Amino acid sequence: MIYLENIFICLTAPLLIAFFLLQGETKRFIGFFCSGIIAFLLSAYVNSFFSAALIDYGHAGMTAEQIMIQITPICEEALKALPVFLFVAVTSPKAEKIVAVSLAAGLGFATFENICYITQQGAGDFFFALIRGFSAGVMHAVCAAILGYGLVLMYRHRRMAIPGAFALLCVTSTFHGIYNLLVSGNGAIQTVGYFMPLITAAVILLFIVWCKDLPPRGTNKEGVIL
């Protein structure tokens, strides 16, 4: 048995001190990193509620594995995205700040989740730690990147803000659900699930590098305004 609240206090206490001492981009990153940690704590409560309502009381005839695949991804991705949506709606930030805060929230969520799983399963299993760090952890970072870059695109079309935000939640929840579905299997299917976040992250990085090589809109390859 692990006590999420105790881990939460130990993890966030030094971060909160740093938050009040620092300024600028670093302060914003730490703040949204903490929001990701809070999102995981809240998602643990929400997932426990659904487990009690749908399994312990026999409603809907769902199993724990079905909840992990169908409900957990939606809850977690929605809670991670909420502070990012509020940040975009209230502050009207630049594109790079949207991506940064989204990644910070995703990394905070992944960090707290990994700590809790390692505490529960034991830190002696190197293979399990490797999977948690480079598979499940990267999966949350990929979902955060999808959300951040997607919001940058939607930000240019204000009329698409609400349906665009809903579409991004559908995409990240689906990606998260597919990952959970694959890793809950056996053999080759499980292996594909473990490598899916790393492959997707590599594709996103290649896309970012490719976009940086493109000239700005309205210019040619030499940067001359057309």
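The values are calculated or read from the model by the stated rules, or taken from the named source; none is laboratory data. Just so it is clear, the structure is predicted and the values come from calculations on it, not from any experiment. With ideal geometry, Cβ positions are generated from the backbone for all residues, glycine too; neighbour counts draw on all protein chains shown.
Side notes on the structure shown:
- Boolean, Ser102 is touching a residue at least 24 places away in the same chain (Cβ under 8 Å), in a helix (DSSP H, G or I), among the polar types (S, T, N, Q) and closer than 28 Å to Arg158 by Cα: yes
- Matching residues, region 38-52, being surrounded by fewer than 16 Cβ atoms within 10 Å (Cβ to Cβ) and not aliphatic (A, V, I, L, M): Tyr45, Ser48, Phe49
- Candidates Leu130, Leu151: the one that is in contact with a Leu (Cβ under 9 Å, 6 or more places away or on another chain) and either free of Cβ contacts under 8 Å to residues at least 12 places away in the same chain or surrounded by 19 or more Cβ atoms within 10 Å (Cβ to Cβ) (or both) is Leu151.
- Test for Phe175: is it in contact with a helix residue (DSSP H, G or I) (Cβ under 8 Å, 6 or more places away or on another chain), part of a helix (DSSP H, G or I) and either within 19 Å of Ile37 (Cβ to Cβ) or among the small types (Gly, Ala, Ser) (or both): no
- Any hit, region 161-183, residues being at pLDDT below 95, in contact with a His (Cβ under 8 Å, 6 or more places away or on another chain) and under 20 Å from Ile7 (Cβ atoms): no
- Residue tally, condition surrounded by fewer than 18 Cβ atoms within 10 Å (Cβ to Cβ) and without any contact (Cβ under 8 Å) to a residue 60 or more places away in the chain, over region 2-37: 19
- Enumeration of residues in region 61-118 that are touching a Cys at 6+ places or on another chain (Cβ under 7 Å) and of a type in the set (D, E, K, R): Glu77
- Beta carbons closer than 6 Å, at least 6 apart along the sequence or on distinct chains, never pair a first residue in region 155-174 that is in contact (Cβ under 8 Å) with a residue 24 or more places away in the chain with a second that is of a type outside the set (Phe, Trp, Tyr) and loosely packed, with under 13 Cβ neighbours inside 10 Å.
- Search result, residues across region 79-96 that are part of a helix (DSSP H, G or I) and either surrounded by fewer than 17 Cβ atoms within 10 Å (Cβ to Cβ) or in contact with a Ser or Thr (Cβ under 6 Å, 6 or more places away or on another chain) (or both): Leu79, Leu82, Pro83, Val84, Leu86, Ala89, Val90, Thr91, Ala95, Glu96
- Residue within region 130-153 that is of a type in the set (S, T, N, Q), assigned to a helix (DSSP H, G or I) and closer than 24 Å to Ile98 by Cβ present: no
- Residue count for region 165-186, restricted to those that are surrounded by 18 or more Cβ atoms within 10 Å (Cβ to Cβ) and among the small types (Gly, Ala, Ser): 3
- Considering residues of region 45-71 that are assigned to a helix (DSSP H, G or I), β-branched (Val, Ile, Thr) and at pLDDT 85 or above only, the residue nearest to Glu113 (Cα to Cα): Val46
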